[in-house]
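These notes concern the structure reproduced below.
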Amino acid sequence: MTKRNLVGVLLATIMLVASCGTVTQADAKSVPSKAAQSVTEPSNKVVQVRVVQAASRVSVRPSVNPAVPTKMRGIYASAYIGKHYKPRWESVRKCIVRRESGGNYRAANKHSTARGAYQFLVFWQRKLPVLMHKPHLKNKPIVKWSRYDQDHAFWFVFKNGKGKRNWYYAPKQCW
């Protein structure tokens, strides 16, 4: 890694952490160039940060949205803002959450096997942990998944609009 790239990575990390809290010299020195980095905020909350490097451009992108509360009810911005997240579809995601569960991440449909904020069927409950490489969720029902994991599952299935057929509403669309 060149000195220019290292300086860019360090500056980007410092700017990200400065927007979330404070950074120590130890944090700034220990940033790898092409890997995930855990940064501890002042509240002792660990935030995963991905450092993306392309040619001479370096950007730091958190995968957890620190502005979203952790409570399991309510329609807020996506708790997941990682690789699969696309800001242009955020209003569609909120519309789907409103229609499917009213913002209740613990919702259970009485007439089917649909569960969670996005009303994923049991089929998805078995497949998603494997597809998303999250083995810790494998034997856990979706209603027990965190807001972050359910939002991540939505973005993974939605695939930038290609998976919107999974939430089709005949008379009124969210898109």
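The values are calculated or read from the model by the stated rules, or taken from the named source; none is laboratory data. Being a predicted model, the structure only gives us computed values, none of them experimental. Using ideal geometry, Cβ is built from the backbone for each residue, glycine included, and neighbour counts are taken over all protein chains shown.
The table that follows gives values for the structure above.
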{"quantity": "Index of the failed condition, His152 passing every other in (1) touching a Ser or Thr at 6+ places or on another chain (Cβ under 6 Å); (2) closer than 16 Å to Ala79 by Cβ", "calculated": "(1)"}
{"quantity": "Filtered residues of segment 88-115 (kept if among the polar types (S, T, N, Q) and in a loop (DSSP other than H, G, I, E, B))", "calculated": "Asn109, Ser112, Thr113"}
{"quantity": "Matching residues, segment 94-131, being more than 21 Å from Gly161 (Cβ to Cβ), in contact with a helix residue (DSSP H, G or I) (Cβ under 6 Å, 6 or more places away or on another chain) and either outside the structural domain of Trp145 (by TED's automatic domain parsing) or not hydrophobic (A, V, I, L, M, F, W, C) (or both)", "calculated": "Gly103, Tyr105, Arg106, Thr113, Arg115, Gln125, Pro129"}
{"quantity": "Test: Ala114 is crowded, with 16+ Cβ neighbours inside 10 Å, farther than 19 Å from Lys83 by Cα and in contact (Cβ under 8 Å) with a residue 24 or more places away in the chain", "calculated": "no"}
{"quantity": "Search result, residues across segment 72-87 that are farther than 18 Å from Lys162 by Cβ and not in a strand (DSSP E or B)", "calculated": "Met72, Gly74, Ile75, Tyr76, Ala77, Ala79, Ile81"}
{"quantity": "Whichever residue in segment 125-148 is touching a residue at least 40 places away in the same chain (Cβ under 8 Å) and within 19 Å of Trp89 (Cβ to Cβ) and, among such residues, is surrounded by the fewest Cβ atoms within 10 Å (Cβ to Cβ)", "calculated": "Tyr148"}
{"quantity": "Top-ranked residue in segment 129-168 [being part of a helix (DSSP H, G or I) and basic (Lys, Arg); ranked as nearest to the chain's Cα centre (by Cα)]", "calculated": "Arg147"}
{"quantity": "Contacts under 6 angstrom Cβ, first residue in segment 68-93 being among the small types (Gly, Ala, Ser), partner assigned to a helix (DSSP H, G or I), 6 or more apart", "calculated": "Ser78/Asp151; Ala79/Arg147; Ala79/Tyr148; Ala79/Asp151"}
